Structure formats: structure tokens, C-alpha cells
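Everything on this sheet refers to the single structure shown next.
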Amino acid sequence: MGDDWFGDNRAYWDERAPLHVTSDFYAMPRFRAGATSLRPFEIAEMGDVTGRRLLHLQCHFGQDTLSWARLGARVTGLDFAPAAVEAARALAAEIGVTGARFVESDVYDAPAALGERFDIVYTGLGVLGWLPDMAAWARVVADLLVPGGVFYIAEFHPFPDVLDDATGGTVTHDYFPDKPTTYDEAGSYAAWTTSTVHNRATLWRHGLGTIVSALCAAGLRIEFLHEHDMTYFGRFDNLVHDEDGTFRRPEGLPRLPLMFSLRATRP
């Protein structure tokens, strides 16, 4: 995966990973004090991970990876940005999580980079849009699981991406785009006002059917697909921020799917 977009995307994240470690968005003082960064529904839907080998694809600087370790998993995190991997290793050492492994690799090269299979493959929020090929991604996921292994993903739902940013009440974008979108914007979702240099990034929009079908074609058995009417950032300007940290549409407006979670197994 050596096209120009790949180099742009890696430089983008390599610059932002250190910024995110110190941003208020990730609430690092609470995390260092023992709080989990995982969402409650993820922990409930995943179930007990004690002693299980868990791989976190696109792990960023390892906060969620290390949260699974705190719940008893034997964790490996993988990310393509060198600065993210370096930050993850430093964070693991800082909070005293021994045995956590972090590997620098593109997702599509993960089987060769890791050289082993896992009981659980996990991936978290905001990751699929950075991958161009869902079919190849799903084959990687299947290749990385032992027979009987579990794949779990919690991700932002693709449907809101077609709606306007103000209220989410008007369709303004194509759900089936013919090509990716390239942005050139400073800062990031965790550091809007920060001056940055590597600002060019390319993302893909994948429909829910594309994602699910790719996993099925790779041989995985879908156990559930849940759609959620809440999210964890202000996707639309009118979302209401609840005390539990979630965002929802105001009372009286029709509810929309803002996130989804999926669990599958390798037979």
C-alpha cells in the first residue's frame, strides 16, 4: 500500500499522535489514575477477556489496547504511525502494564508483521474510513484469528456521513461515493486549534452492507450487528451531551443510527 495517499495519511497521524496524548479529549489524567477508555457497551458485548490474546488493529497510542489489558487480556496493538507506536509503548511503561506489545505495521501487512494468530481481534472508533479495501481488510481479520476466535468492532455508523453537519436533517452527501475524499485541514478532532504541518489526508466511506458482506465473504460468522442511537462526539451541532459522556439527538427528533457494533467468530 505505497501510494501517495498512504504516505500522506501516515504523516498525518505521525504528527497527531503526540498531540493526542496531551490533549484534553483523551482525558489522560483519569486514564493514568486507572479509568478505562473503553465504552461500557463494548465491555458488556465483548465479555470476559481474562487471559485471552487480544490484537487491537489501528490502535493509535494504545489507550484502548491498555484498557483491555487492565481487564485481563494479553494485548498486542498495531498501528502504521511510528509516533503512535512509540507513544503506546511509553504509555504502557508509564502505567505499569507489562507484557503489552506494540507493532508498527500497515493493517494489510499485519499477518506477516505479527506472525501469529489471536483469540480476539478488536478495532475501535474512527478506523474504517482510513482503509480503502474492506474485502482485503476482512481477510486480514480472518487470517489473524484462531479457529473459534472472536472479532469485535465498535465504529461510527456510516449513515450520518450523508447528512448535513448542523442538524443531521438533510441528505447532502452520497452514501455510495465513487471515490475517496481528500482533505487538507490543520488540527484534528482532539486538537482543533493546533497548528499542524501534515494536513493532507484521504478517507473512504464504506456502507454498512459492504462491511458486513466483506466479513461474511472472509468466512466469519456474524453473531450480532447492533445499531446505536448515541455517539461519543458532537457529530451534529444540535446533539445533546449527556452526563454519561454520550451524545444523542434532542428529544422529539427522530432517532438516527449513530454507531454500530458487530461481533463475529471464525469457525
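Below, the figures for the structure above:
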quantity: Among Trp137, Trp204, Val121 the positive-end extreme of the charge dipole of the chain (Cβ point charges); calculated: Val121
quantity: Cα shape, segment 8-126, gyration tensor, a/c 1.5 rule; calculated: oblate
quantity: Peptides ranked, highest mean first, by Cβ atoms within 10 Å: ranges 56-67, 81-92, 240-251; calculated: 56-67, 81-92, 240-251
quantity: Percent RCO, i.e. relative contact order, over the chain, from Cα pairs under 8 Å lying at least 6 residues apart; calculated: 18
quantity: Interchain or long-range residues, amide H under 5 Å from Thr194's placed H; calculated: Ser188
quantity: Cβ-defined net charge surrounding Glu185, 13 Å radius [Lys, Arg +1; Asp, Glu -1]; calculated: -1
quantity: Karplus 3J(HN,Hα) series, Hz, for segment 125-138 with 6.51 cos²θ - 1.76 cosθ + 1.60 (x for Gly, Pro); calculated: 6, x, 10, 5, x, 8, 10, x, 10, 6, 5, 5, 4, 5
quantity: Ratio of Rg to Rh over segment 4-265 (Cα coordinates, Kirkwood Rh, two decimals); calculated: 0.93
quantity: Shape of segment 1-68, Cα gyration tensor, a/c cut at 1.5; calculated: oblate
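Every number here is computed from the coordinates shown, using simple stated rules; none is lab data. Owing to the predicted nature of the structure, the values given are computational and were not obtained by experimental measurement. All Cβ positions, even for glycine, are placed from backbone atoms using ideal geometry, and neighbour counts span all protein chains on display.
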